[in-house]
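Structure first, then comments.
The values are calculated or read from the model by the stated rules, or taken from the named source; none is laboratory data. Bear in mind that the values here come from a model prediction, so they are computed numbers and not experimental data. Heads up, the Cβs are rebuilt from the backbone with ideal geometry, glycines too, and the neighbour counts pull from every protein chain shown. We work out accessible area using only protein heavy atoms, side chains counted, and drop any ligands, DNA or RNA first. Shrake-Rupley method; radii C 1.70, N 1.55, O 1.52, S 1.80 Å.
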Amino acid sequence: MRKRICYIHVGPHKSGTTSIQWFLQENRAELLKHGYFVPESETKRGAHHALAEGLAGLDVGEHREPLVTRSIRAIAETPAEAIIISSEALEGILESRKHGNVFFGQIQELNCEPKLVLFPRNQPQWINSSYAFSVMSFRRSDPFQSAALGFAQSPGSRFSRWVELADAHALELIARPFTKETIACGVITEFVKTVGINSSQLRNSEIRRNEAVGPFTVTVAREVLRAIAQIGKPLKWLQAARCKKELAAHLKERGLADVRYCGLSTSLARHIERELQSDNNAFAQSVWGSSWADIFAADVTEEFTPNDFEICPPDWFTARRLRRAIRAMKARGDEILQDPALAVEAPWNDVAHRSGLVPRE
């Protein structure tokens, strides 16, 4: 029996992943007609986090196990010649040699040839978007500059690791730059073209979802999480998810929801780019045969003005509204911490585990 292709979209975070996943979920039936099987998702957004964790041998919890079992069976039984799995959690999961071996071993057992699909992004823009998302998801509360500099020094900021992973498992890496042009033209169009699909045959191929939040939202979430951290116990996954949902609802109700957070200054962006220049150029030459600066020409010359309230304090009226929002959300946070249904002690309810931040082995 001829092997099917399994396209494994690994992100990274904040490179159009939500839009791609939503599109795949909305077009499952139509994609199947064209020979592409997309497993069902645990969420309306379409991500395959539970399936990715299950294929990597991680504990997904009893409530998600039936979905994982059903999805694996469906992959084995589908007559489709191609399968598409999308989960940015793999960004962290595949850093572990042990979990990577289990994951790709299971893909091979399903008679599939894995191909990694990656959308590298210029790191300053990537860090900026990721930071805002992580803060409003109640996963981090450190100042932007320390977070940015720390990430620039971490292995996760270096895309060459994906070349090494592909070489280690003898699989193809398909890398498409996530640039300003990609955002303008539509990442979904680029993704479906990458896996060999004509986007004009499918609906909602230009949708953009999950727009980045703004400095007001980031500040409220950051201050609330800092207050919670003083208790000395990290939030569980369900607690963090509830806090995020409650914050979004609270700010929307009061007309305080904002967008376009920026913690970057132009000088900080250029510093991060210099730090990663060698690795970026090696990666770009390896996968595109060109320099990083040539591929990301518009991104590496972009200028930034920070609007983070820790860097640029707000006016007195905004500061007053900010204090009120923080006070209200701290009270709601206390209520969330008291809910035993959200505090379940299990690997699947651990933020690091669910985010793919598993220990390296």
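Let me know the volume per residue of the alpha-carbon convex hull for the stretch 117-262, in Å³.
158 Å³
Name the long-range amide H neighbours of Ser86: under 5 Å, sequence gap of 5 or more, or other chain; modelled H, no Pro or chain starts.
Amide H neighbours of Ser86: His9, His48.
Pull up all non-local amide H partners of Tyr261: gap of 5 or more, or a different chain, and H-to-H distance under 5 Å with H placed in the peptide plane.
Hits under the 5 Å cutoff: Val213, Gly214.
On average, how much accessible surface per residue is there in the chain, in Å², for a 1.4 Å probe, leaving out ligands, DNA and RNA?
On a per-residue basis, the chain sits at 46 Å².
If you bin every alpha carbon distance in the chain into 10 Å steps from zero, what whole percent lands in each bin?
Taking all Cα pairs of the chain, the binned fractions are 5, 23, 32, 27, 11, 2, 0 percent.
In nm, what is the difference between 0.36 nm times the number of residues separating Ala343 and Glu275 and their Cα-Cα distance?
Numbers: separation 68, 0.36 × 68 = 24.48 nm, distance 3.99 nm.
Fully extending the segment from Ala343 to Glu275 adds 20.5 nm.
Based on the mean of other Cβ atoms within 10 Å per residue, sort peptides 296-303, 190-197 so the most packed one is first.
190-197, 296-303
How large, in percent, is the carbon and sulfur part of the accessible surface of the chain at a probe radius of 1.4 Å?
51 percent
Can you compute 3J(HN,Hα) from phi for each residue in the stretch 116-126, using the Karplus curve 6.51 cos²θ - 1.76 cosθ + 1.60 with θ = phi - 60°, rounded to whole Hz and x for Gly and Pro?
Ordered by residue, 3J(HN,Hα) equals 7, 10, 10, 10, x, 10, 4, 4, x, 5, 5 Hz.
Obtain the nm distance between the two label points defined at Ala298 and Ile231 by a simple spin-label model: each point lies 7 Å from its Cα along the Cα-to-C-beta direction.
Here the modelled spin labels are 4.5 nm apart.
May I ask you to evaluate 6.51 cos²θ - 1.76 cosθ + 1.60, the Karplus curve with θ = phi - 60°, for each residue of the stretch 290-306 and list the ³J(HN,Hα) values in order in whole Hz, giving x for glycine and proline?
Ordered by residue, 3J(HN,Hα) equals 8, 7, 4, 5, 5, 6, 10, 4, 6, 7, 6, 10, 5, 9, 10, 10, x Hz.
Ignoring everything except DSSP H segments at least 4 long, calculate the 222 nm mean residue ellipticity for the chain; use -39,500 (n - 2.57) per segment, divide by total residues, nearest 500. All intermediate terms of the calculation are to be shown ahead of the outcome.
Working: 17 runs with 184 residues, N = 361.
Helices in the chain give a 222 nm mean residue ellipticity of -15500 deg cm²/dmol.
Pairs Lys14/Lys330; Lys14/Lys244; Lys44/Lys252: which exceed 19 Å Cα-Cα? Provide the component values of the computation, followed by the final result.
Numbers: Lys14/Lys330 27 Å; Lys14/Lys244 17 Å; Lys44/Lys252 21 Å.
In this structure, Lys14/Lys330; Lys44/Lys252 lie more than 19 Å apart at Cα.
So what's the net charge close to Asp350: Lys and Arg +1, Asp and Glu -1, counting the other residues with Cβ under 13 Å from its Cβ? Can you show the working numbers first?
Details: positive: Arg139, Lys233, Lys236, Arg354; negative: Glu53, Asp59, Glu345.
Result for the local shell: +1.
Between Arg320 and Thr69, what FRET efficiency comes out of the Förster formula 1/(1 + (r/R0)^6) with R0 = 51 Å and r the beta carbon distance, rounded to 0.05?
Given R0 = 51 Å and the Cβ-Cβ separation, E is 0.45.
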